[in-house]
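Let me begin by presenting the structure, written as structure tokens, before commenting on it.
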Amino acid sequence: MSSPYPAIALPRLIAHRGLSARAPENTLAAVRAAHEAGCQWVELDVQLLGDGTPVIWHDATLSRCSDGKGRLATLDLAAARRLDVGGWFGDAFRGERMATLNDMLELLDRLDMGVNMELKVERNRSGTELAEVVVPRLLEALPPERMVVSSFDPLALRQARAIADASLLPIGLLAESVPQKWQHPCEALEAFSIHTDWTRLTARRAGEIKAAGYRLLCYTPNDPAAFATRWAWGVDSAISDDPTLFAAIAPPPTVD
């Protein structure tokens with residue numbers, strides 16, 4: 001498959017939600033920690049608050065990663081900014097505030113980092129609306145060779161592609177387990193990559209994906225030895241909570 005995409009130098013290791021093993025996930029602190037650890041790319045999640053502000057956040061609710069309760073969709077920006085989103089992880093991060101998409105993009109630009117931005121569409125939320133808000137900001141903030149937009153939500157990805165063609169917006173199709181008929185949605189979206197649970201990937205499916213010319217990313221391996229066979233299957237990048245484990249224990253093979 002001839003690629004319409006710019007030359008994207010995906011690193012072998014991407015920090016999941018920032019360096020989430022060492023800092024509170026999806027925060028500016030986690031991205032700074034990833035940068036300090038030598039990571040070139042991070043994976044992050046973006047959603048909309050109730051007032052339409054895009055923020056970097058994974059869950060539909062607040063309780064796991066903040067001192068608040070309730071649903072993210074009920075908040076406006078002022079209420080979100082009052083939350084402590086770092087103290088749950090450790091005292092060193094107490095007082096960390098929820099990052100808006102704009103906050104995060106400014107940091108990524110300043111650190112010259114790449115991002116796999118997941119459009120996180122929770123129940124009863126609109127993937128189309130999320131893409132309409134997020135994608136133009138991404139395109140304005142970062143060059144196409146430093147971003148991949150991914151999602152489990154077909155409508156979000158369809159709208160993302162309607163906003164920008166493949167030369168400007170690399171799209172990653174997220175699937176917990178790559179289905180048998182995986183190629184048609186990839187072709188329809190002019191997808192750049194497929195992202196899947198590393199424990200559910202098979203050598204056969206990996207071979208099909210690579211033979212068709214797509215990039216293959218796996219989440220969320222944290223055991224380098226157990227993951228080693230996947231490199232041999234052609235996996236391009238591992239999205240890990242702690243990429244430093246791979247450097248210390250079982251470095252990934254270099255790209256030819």
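Residues whose amide H falls under 5 Å from that of LEU13, counting only those 5 or more places apart or on a different chain, are ALA238, with hydrogens built in the peptide plane. Length gained on full extension, GLU36 to LYS210: 59.5 nm, using 0.36 nm per residue less the C-alpha separation. Shape index of the stretch 13-248: Rg/Rh, with Rg the Cα radius of gyration and Rh the Kirkwood radius from the inverse mean 1/r over Cα pairs, equals 0.95.
Cross-link partners of LYS181 among aspartates and glutamates, defined as those whose alpha carbon lies under 20 angstrom from its own and excluding same-chain residues fewer than eight positions apart: ASP153, GLU190, ASP197, GLU208. Applying 0.36 nm per residue to the separation of THR128 and ARG110 and subtracting their alpha-carbon distance, the gain on full extension is 3.6 nm.
Around LEU189, what is the net charge, scoring Lys/Arg as +1 and Asp/Glu as -1 over all other residues with Cβ under 13 Å from its Cβ? Local net charge: -2.
Just add up the charged neighbours of LEU119: K/R +1, D/E -1, any other residue whose Cβ is under 13 Å from the Cβ of LEU119. Neighbour charge sum, excluding LEU119 itself: -2. Annotation for the stretch 39-86: trypsin sites (Lys or Arg not before Pro) lying in DSSP loop with at most 15 further Cβ atoms inside 10 Å of their Cβ are LYS69, ARG82.
Counting beta carbons within 10 Å around each of ARG123, ARG215 and listing the fewest first gives the order ARG123, ARG215. I'd like the antiparallel share, as a percent to the nearest 5, of DSSP beta bridges with both residues in the chain. About 15 percent, rounded to the nearest 5. Amide H to amide H, with H built 1.01 Å from N, GLU118 comes under 5 Å of LEU44, ASP45, VAL46, SER150, counting only residues 5 or more places away or on other chains.
Read the figures in this text as sums done on the coordinates, not as results from a lab. These figures come from a predicted structure and were not determined experimentally. Please note: Cβ atoms are built from the backbone with ideal geometry, for glycine as well, and neighbour counts cover all protein chains shown.
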